[in-house]
Structures are given as C-alpha cells and as structure tokens.
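Contents: one structure, followed by commentary.
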Amino acid sequence: MDNNGRKIIYSGIQPTGCVTIGNYIGAINNWKKLQENNDCIYGIANMHALTVRQDPAEFRARVKSFFAQYLACGLDPDKSIIYIQSDVAEHAELTWVLNCFTYLGELSRMTQFKDKSAKNEDNINSGLLTYPILMAADILLYKTDLVPVGIDQKQHLELTRDIAARFNNIYGDVFTVPEPYIPEQGAKITSLQNPLEKMSKSDPDPNGMVSIIDAPDVIMRKFKRAVTDSGTGIYVSPEKPGITNLLTIYSVFADCPIREAEGRFEGKGYGEFKTAVGEAVVDVLKPVNERYKDLMNNKDYLDKIAAEGADKARYIAKKTMSKVMRKVGFR
Ligand code: TRP
C-alpha cells in the first residue's frame, strides 16, 4: 500500500463488442469513484481480446473508441493511468516468466476457459488457456493492492494470488499479493430482451443491450421495447426479472434507492415506467455521448493522452520487470 491509505488499484476491460450500461454500472462508474482517493491504473486489454479473431482495422478502431469512451465517462488521465495494454511490452514479458510458474492443471480448471473453449470449438488457441496468466501479469506489474472485478473474474484473481505467492516463496518478496474488490454497486444488469441473461457487450440482438454511446433516440427505443413480465405492478421480485432489471437500471441512473423507485412508479403502467427508465439513462449518457464525439474528432489529443498513459504505465512496469529478471537469473 502507498502512503495516506491510498491503494493501488488495477482493472481492465476487453475491447470487444461495445461498452454497455452494464459495464458502466458494474465497472466504469465505480472506477470513476475510486480514482478520487487511490492510485488507479485502467487498461484496455486488447492483448486479451486477440484470443478471438479480430479484423485488424476494426480492432484498432475499436480500441481507440473504447479509450475515448473511458475518458468520456469521466476517467481522468490527470488522476489515473489510462492506457492500452499492447503499448506496454512488459505485459508480454512478464507473462512468459509467469507461464513457467503456472500449472496446466490450474489453467484447465478455469471455468471461463471451459466455457470459451466450448463456444470456440474451431479456435481453441493456447491464448484462451493462458489468458489468466496475462491477466496476472497486468495486475502484478503494478504492485496492485486491489482489483475491482465482477464475479466472473474472481477465479482468475484467485489464480493471480496463487502465482504471486508461489513466486514470492521462491524468490522473496517480489510481488504484492492483490485482493479482489467486489464493489457495493455490483448490480448485475441483464438483457432488455432476455432478462434472465447477463447484458452482453457482444449480444447479436442489439435491442438486448444499450451501448453508452447509443444516440438518445436509440436508447429510448430500446427501453420502450424492453421485455417486461406478465401482470402489472412495478416492484422487485424473482418472478419479475424484467421489471427488476429495469428498476435496477433506473435506480443507478436516477441515483435513487430502489425502494424509493418502486414507490415512484406505484400504480403506473409498464409503458410509462419504461419511458421514465429510458429518460433517466439518456440524462446521464447524453453528455457522455457529446464528450465522446468531441474526443473522436480530436484524434491528435487522443493519441497524445494514450501515449502519456503508456509512458506512465511503462515506467512502473519496467521497474517490476527488471526486478523479476534479476531474481530469476536473467541478465
Ligand atoms: N479479463 C477481464 C475481463 O474479461 C479483463 C481484464 C484484463 C482485467 N486484465 C485485467 C480485469 C486485469 C482486472 C485486472 O473482464
């Protein structure tokens, strides 16, 4: 830990599909709060995204777009280090070393590996298997204390801790063993078309998810079409997954406790409710959308901020990497 109780916080997002309101609520909005009192490093994990086939031009453009979306949401390059993973070669370097301290059995047990290899039968590449080692390198390069992650990444974090402890056992105190940080507002946002499934950033049905840079009229249309549940009544209940999801979204975007939200819509119809949810989301995302457009029109500025972020990240990563090299006996 750094002085004054400030912690070093690392998190990342894969640039696949688009940034959804689920990512906003589950990740970015929390990252924004954390950057006020901590030393935060936020990466765009494009090396991880290469585990599935990418069209090069589209991939490069999407990474830039994700970077602009981070900034548009209020992640502040004066407060946090915001950078693109592949700009810092130390990620790949440390990954190799950590590969040699990770067992095949550990990797093949990862549920995400099992899920992903079932889904990508025609491309079960080694990267899918070693994905968590790259993630461990991300985290360990920066002496990270806390890693905000969703529940789906917790197993990878456990593995990171095991690798770090194993390495330290052999070579002395090299890595900080990180703790997971599951944010209070970890509310899981589900698809607007299928409320029993997580809102996916690569949902083939665009009506199921809302991108944070969807135009206001598109957002309104998606909410008006959102699937609701049978009966009437607007309250949280396992029998009302659609309504519960919409209430959760409303609660975050209108900044209003969920019980209070239920009260606001008592006796109202589903149509009126869905419009209100859409409006609350648009109120928050309209300025984000405008900032995003400005940033995308200012490529020089974006490139400059990305280069500065990479320089700051590299400075720290290099120090860790040279210590690791010395410890293992490289020149
Ligand atoms: N694997 C994470 C995900 O899919 C993204 C990620 C990459 C990450 N590197 C990280 C998250 C380091 C936390 C810390 O969501």
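Here are the numbers:
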{"read-out": "GluC sites (Glu not before Pro), loop per DSSP, at most 15 other Cβ atoms within 10 Å - longest free stretch of the chain", "value": "37-120"}
{"read-out": "Loop-resident sites, the stretch 228-309, for chymotrypsin sites (Phe, Trp or Tyr not before Pro), counting at most 16 other Cβ within 10 Å (DSSP)", "value": "Tyr235"}
{"read-out": "Listed residues Lys201, Lys116, Lys143, most fluctuating in the chain (Gaussian network, C-alpha, under 10 Å)", "value": "Lys116"}
{"read-out": "Relative contact order of the chain, pairs being alpha-carbon contacts under 8 Å that are 6 or more residues apart, as %", "value": "22"}
{"read-out": "Whole-number D in µm² s⁻¹ for the stretch 119-184, Kirkwood Cα-pair radius fed into Stokes-Einstein, 37 °C, 0.692 mPa s", "value": "257"}
{"read-out": "Mean residue ellipticity (222 nm) of the chain, computed from DSSP H runs ≥ 4 via -39,500 (n - 2.57), nearest 500", "value": "-16500 deg cm²/dmol"}
{"read-out": "Pairwise FRET efficiency - Gln54 versus Lys299, Cβ, R0 = 25 Å, nearest 0.05", "value": "0.75"}
{"read-out": "Nitroxide proxy distance, nm - points 7 Å out along Cα→Cβ at Lys318 and Asp162", "value": "3.5"}
{"read-out": "Fully extended contour minus Cα-Cα distance, from Ser202 to Asn125, at 0.36 nm per residue", "value": "25.7 nm"}
{"read-out": "Mean projected area (nm²) of the alpha-carbon convex hull when the stretch 259-331 is viewed from all directions", "value": "10.2"}
{"read-out": "Calculated P(r) of the stretch 217-283 - Cα pairs past 21 Å, %", "value": "12"}
{"read-out": "Rh by Kirkwood over Cα pairs, then Stokes-Einstein D for the stretch 201-240 at 0.692 mPa s and 37 °C, µm²/s", "value": "276"}
{"read-out": "Gain upon complete extension [Arg221, Asn4; 0.36 nm per residue less C-alpha separation]", "value": "73.4 nm"}
{"read-out": "Contact order normalised by residue count of the stretch 62-133, Cα under 8 Å, 6+ apart, percent", "value": "24"}
{"read-out": "Nearest-0.05 FRET efficiency for Ser108 and Ile170, computed from C-beta distance (R0 25 Å)", "value": "0.60"}
{"read-out": "Summed side-chain charge close to Ala136 - residues other than Ala136 whose Cβ falls under 12 Å, Lys, Arg +1, Asp, Glu -1", "value": "-2"}
{"read-out": "Two-decimal log10 I(q)/I(0) for the chain, as the Debye equation yields it once each C-alpha is a single scatterer, q = 0.07, 0.08, 0.11, 0.14 Å⁻¹", "value": "-0.31, -0.40, -0.75, -1.15"}
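Read-outs throughout are calculated quantities, based only on the coordinates presented, and are distinct from any laboratory measurement. Since the structure is predicted, the reported quantities are computational estimates derived from the model, not experimental observations. Neighbour counts are summed over all protein chains in view; Cβ atoms, including those assigned to glycine, are modelled from backbone coordinates with ideal geometry.
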